[in-house]
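The block underneath contains the structure these notes are about, expressed in structure tokens.
The values are calculated or read from the model by the stated rules, or taken from the named source; none is laboratory data. This one's a predicted model, so the numbers in the text were calculated from it and none came from an experiment. All Cβ positions, even for glycine, are placed from backbone atoms using ideal geometry, and neighbour counts span all protein chains on display. Remember, those area values only see protein heavy atoms, side chains included, never the ligands or the DNA or RNA. Shrake-Rupley method; radii C 1.70, N 1.55, O 1.52, S 1.80 Å.
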Amino acid sequence: GALATSGAINLGCILKGDTTVTVTIRNTGSAPLDSLTATIIPNNVASIVHYPPTTLPPGDSNSVVLIIPASNYGTISGTLSIMWRGGSPVTLPITGEVTTPPAIISLDSVVTFDTTNVGDSSTTKCITITNYSCIPLAIDSTIVVGGLPGEFEIVSNSAGTSLSDSAIATICVRYKPSRGGPASAELAIVSGRD
């Protein structure tokens, strides 16, 4: 017999919590595969909840089902080894990255503009943001909330349509007061309903 599989197990970026993975196996040879076994190395990377059958006839397919706990942030690295009597083991790498949920993080808390005359434009001030997750966060819009219309204007925005993997985006704002006295507003980054 000859064993074919669905290939390496690359989870990509995943959130903390159990992840179930199914690996398809198929006997592409002309004789049965006998005494099939599956092992995870190291054994704390995953648990096998559905083992391969003891014998896999020619042309038949089945599966190995794993639960990967993904309980700690960081890299997942291991191997699924499938063996049978008289054959060389097939080893499939298990890789992935357990990450924090995607979220916009501001690297600047408050931006203060210098005193500016009514009708004049201030110097431009910039705010930097990032997303520490390797799961991209879609950015639908960047808007100024509060203040008088037109007093705070976004003049540049490098955030684009998504942000991920600790990339830093810069959003620059100009202040043009339309009346005397203090003014304030907030910069809002909208992603879906967040």
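Give me a count of the residues in the stretch 141-158 that are within 19 Å of Val190 (Cβ to Cβ) and either under 17 Å from the mean Cα position of the chain (by Cα) or modelled with pLDDT under 90 (or both). Before you say what the answer is, go through the steps one by one.
We begin by selecting, within the stretch 141-158, every residue within 19 Å of Val190 (Cβ to Cβ); these are 141-147, 149, 152-158.
Next cut, either under 17 Å from the mean Cα position of the chain (by Cα) or modelled with pLDDT under 90 (or both) only: 146-147, 149.
Matching residues across the stretch 141-158 total 3.
For Asp34, state whether it is acidic (Asp, Glu) and touching a residue at least 40 places away in the same chain (Cβ under 8 Å). Even if it seems obvious, please write down each step before you answer.
Numbers: acidic (Asp, Glu): yes; touching a residue at least 40 places away in the same chain (Cβ under 8 Å): yes.
Against the criterion (acidic (Asp, Glu) and touching a residue at least 40 places away in the same chain (Cβ under 8 Å)), Asp34 qualifies.
Does Ser109 count as in contact with an Asp or Glu (Cβ under 9 Å, 6 or more places away or on another chain) and either in a loop (DSSP other than H, G, I, E, B) or among the polar types (S, T, N, Q) (or both)? So that I can check it myself, show each step before the final result.
Working: in contact with an Asp or Glu (Cβ under 9 Å, 6 or more places away or on another chain): no; either in a loop (DSSP other than H, G, I, E, B) or among the polar types (S, T, N, Q) (or both): yes.
In short, no.
Tell me which residues, restricted to the stretch 37-65, are open to solvent by less than 50 Å² (accessible area, probe 1.4 Å) and of a type outside the set (A, V, I, L, M, F, W, C).
Answer for the stretch 37-65, where residues must be open to solvent by less than 50 Å² (accessible area, probe 1.4 Å) and of a type outside the set (A, V, I, L, M, F, W, C): Pro52, Pro53, Gly59, Ser63.
Suppose we keep only residues that are among the hydroxyl-bearing types (Ser, Thr, Tyr) and open to solvent by less than 50 Å² (accessible area, probe 1.4 Å) within the stretch 101-140. Which one would you say is nearest to the chain's Cα centre (by Cα)? Talk me through it step by step, then tell me what you get.
First pass over the stretch 101-140, keeping only residues among the hydroxyl-bearing types (Ser, Thr, Tyr): 106, 109, 112, 115-116, 121-124, 128, 130, 132-133.
The next check asks that each one be open to solvent by less than 50 Å² (accessible area, probe 1.4 Å); those that pass are 116, 122, 128, 130, 133.
Details: Thr116: 43, Ser122: 38, Thr128: 21, Thr130: 14, Ser133: 6 Å.
Out of the qualifying residues, it is Ser133.
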Inset, instruction - Considering (1) touching a Cys at 6+ places or on another chain (Cβ under 6 Å); (2) open to solvent by less than 20 Å² (accessible area, probe 1.4 Å), say which one Leu33 fails and leave the rest. - result: (1)
Legend entry - Residue check for Thr116: more than 24 Å from Leu11 (Cα to Cα), part of a loop (DSSP other than H, G, I, E, B) and either touching a residue at least 40 places away in the same chain (Cβ under 8 Å) or not polar (S, T, N, Q) (or both): yes
Legend entry - Top-ranked residue of the stretch 9-27 - restricted to ones that are open to solvent by less than 70 Å² (accessible area, probe 1.4 Å) and within 15 Å of Ala46 (Cβ to Cβ), ranked as nearest to the chain's Cα centre (by Cα): Ile14
Legend entry - Sole exception among (1) more than 33 Å from the chain's Cα centre (by Cα); (2) open to solvent by less than 60 Å² (accessible area, probe 1.4 Å) for Ile82, by number: (1)
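Which one of these is under 13 Å from Val21 (Cβ atoms), open to solvent by less than 40 Å² (accessible area, probe 1.4 Å) and within 15 Å of the chain's Cα centre (by Cα): Ile94, Ile68, Ile76? Give the steps one after another, and end with the answer.
Working: Ile94 fails: within 15 Å of the chain's Cα centre (by Cα); Ile68 fails: within 15 Å of the chain's Cα centre (by Cα).
Result: Ile76 is the single residue among Ile94, Ile68, Ile76 that is under 13 Å from Val21 (Cβ atoms), open to solvent by less than 40 Å² (accessible area, probe 1.4 Å) and within 15 Å of the chain's Cα centre (by Cα).
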Inset, instruction - Among the residues of the stretch 142-192, count how many are surrounded by 14 or more Cβ atoms within 10 Å (Cβ to Cβ), touching a Gly at 6+ places or on another chain (Cβ under 8 Å), assigned to a loop (DSSP other than H, G, I, E, B) and small (Gly, Ala, Ser). - result: 2
Inset, instruction - Name every residue in the stretch 13-51 that is in a loop (DSSP other than H, G, I, E, B) and either of a type in the set (Ser, Thr, Tyr) or over 22 Å from Ile76 (Cβ atoms) (or both), in order of residue number. - result: Thr28, Gly29, Ser30, Ala31, Pro32, Ser35, Leu36, Tyr51
Inset, instruction - State all residues of the stretch 1-12 that are in a strand (DSSP E or B) and over 17 Å from Leu66 (Cα atoms); if no residue qualifies, say none. - result: Leu3, Ala4
